[in-house]
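Bear in mind that the values in this text are calculations on the coordinates, not laboratory data. Keep in mind that what you see is a predicted model, and the values were worked out from it rather than measured. Ideal geometry is used to build each Cβ from the backbone, glycine not excepted, and the neighbour counts take in all protein chains shown.
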Amino acid sequence: LALQQETALKILRQDYSWVLFIQPGSQGPLPLLFAAAQKWKKSQEEGTTTSTLRTTLFGCLITMLHASLKDIGGVTQTPFQKKAEDNKWLQEGHWCYQKWSPALGSLVVDEGRPPLPHAKLVEALQLLLPIIMQPYMIHRFHATRPLADTMTGVTAFQLDISNRTKGHPTVWETLEALTGLSAMQVIGLQLRRDTLKQSPAAALVQQVADILKYGAQEQAWRDVYHARRPIHVHALSSWRPLLCNWANLHQQHDACEFLEHLLGAGRPQVLQGKWESRIVSEVEGTETRGQHNTQRSITLDLADPYATTNLQALVDHWHTGGTYVQACTHPPRILLLRISRFLDTDAGETVKLHTRVTIPTAIQIPCYCDPHQGDYALMT
């Protein structure tokens, strides 16, 4: 439920949330933001603050961006203009938009978005500043790590705006125009919309949930599930602890025994269940003769070793074809079934049976509690 709420909130945040990346450097915004934060804290101690820290810092950033861009295009070429033209961010008075190219591992021009005229950008920034300084317009603007006088590496800032305060459509439209705009890189900025990627806290909860669901070897199963080509599991580091107690790895083994060995230590929640063997008598009533967990597979014997049959018939034979009545008391989410393919003959030999067993798309496992709880879809 917590993870579902996280996803729902992430979807809602698409309307008002951005992530801002700031490059390090003495000429960039980080020293300015750190100094502004220190000044604000001092004013707070003196009781002279007029706005929140988040509003103050975001206002400082927009002011710096506007100051860096407003003189571009004048009579004298500014250092920022030269930087923009050298990098082909600014061409013929228009700023291009950029997007990330996974193939090249770098930013490339986004041909799907028309360039933004420089004059329109400067006008938008000038209009934006007084609006964002209003109370309650900026709900959040903070770094994902503490600010310091000297910082290394890219610093990310979370930005959330109001969707009710007067002027919020203008703020939203301006931030959308700044998203992916090359002009931001003049002072080492990049702006993008918040994504649906899980937060670190939610990712940790997901990891714990996966371990509870799939067992302690969750990473080992993921490595196999996401493999794009045939692999040797003994070569994977995540599988070595699982195979250390399995002898003669390179010989042929029973697949079901090997699977039970792997699942034994992890005890994944999806396999946890119980089934019982009972004697049902009209005189003495019902007596339980055996209790079993579903961590191990249920063995299905062939009622007629040489007659074609189907899987549901084998399950029914397991249920009532022997000395006891057998059924689940707590059916698991995933149930392992094993068809017994070997027969001991009267001559003392063990032969493998090649009896044809048809596999339906779904079967019903008998349950003492509720017959409808035993409906299973076949995976393999």
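Observations
- Share of pairwise Cα-Cα distances greater than 15 Å in the stretch 272-377 is 66 percent (whole percent).
- Ranked by the mean number of other Cβ atoms within 10 Å of their residues, highest first, the peptides 341-351, 309-319, 196-206 fall in the order 309-319, 196-206, 341-351.
- Using Cβ point charges alone (K and R +1, D and E -1), the dipole size of the stretch 272-377 about the Cα centre works out to roughly 520 debye.
- Theoretical gain in end-to-end length, HIS330 to HIS226 [0.36 nm per residue, Cα-Cα removed]: 34.3 nm
- Along the stretch 58-72 the Karplus relation, 6.51 cos²θ - 1.76 cosθ + 1.60 evaluated at θ = phi - 60°, assigns HN-Hα couplings of 5, x, 4, 5, 5, 4, 5, 5, 5, 5, 6, 9, 5, 8, 5 Hz to successive residues, with x for each Gly and Pro.
- Reducing the stretch 266-339 and the stretch 65-82 to their Cα centroids gives an inter-centroid distance of 79 Å.
- The base-10 log of I(q)/I(0) for the chain, evaluated at q = 0.07, 0.08, 0.09, 0.12 Å⁻¹, reads -0.59, -0.68, -0.75, -0.98 [Debye formula, identical scatterers on Cα atoms, solvent excluded].
- The stretch 13-193 - charge dipole about Cα centre, Lys and Arg +1 at Cβ, Asp and Glu -1, debye rounded to 20: 380 debye
- Secondary-structure-derived ellipticity at 222 nm for the chain, considering helices only, amounts to -10500 deg cm²/dmol, per-run term -39500 (n - 2.57) for DSSP H runs with n ≥ 4.
- Pairs of Lys residues in the stretch 13-193 that lie 8 or more places apart, or on two chains, and have C-alpha atoms under 16 angstrom apart add up to 4.
- ALA362-THR345 pseudo-label distance in nm [points 7 Å out on the Cα-to-Cβ vector]: 4.2 nm
- Neighbour counts of other Cβ atoms within 10 Å put CYS244, CYS369, CYS256 in the fewest-to-most order CYS244, CYS369, CYS256.
- Taking only alpha carbon atoms, the stretch 13-193 gives an Rg to Rh ratio of 0.96, where Rh is the Kirkwood radius.
- When the chain is described by a simple charge dipole with +1 on each Lys and Arg Cβ and -1 on each Asp and Glu Cβ, the residue from ILE279, HIS330, THR355 located farthest towards its positive end is HIS330.
- Charge-dipole axis of the chain as Lys and Arg at +1 and Asp and Glu at -1 on Cβ define it, positive-most pick from ILE298, PRO102, PRO268: PRO102
- Length gained when the stretch ILE298-HIS253 is fully extended (0.36 nm per residue, less Cα-Cα span): 14.4 nm
- The share of C-alpha pairs in the stretch 20-100 whose separation exceeds 21 Å stands at 45 percent.
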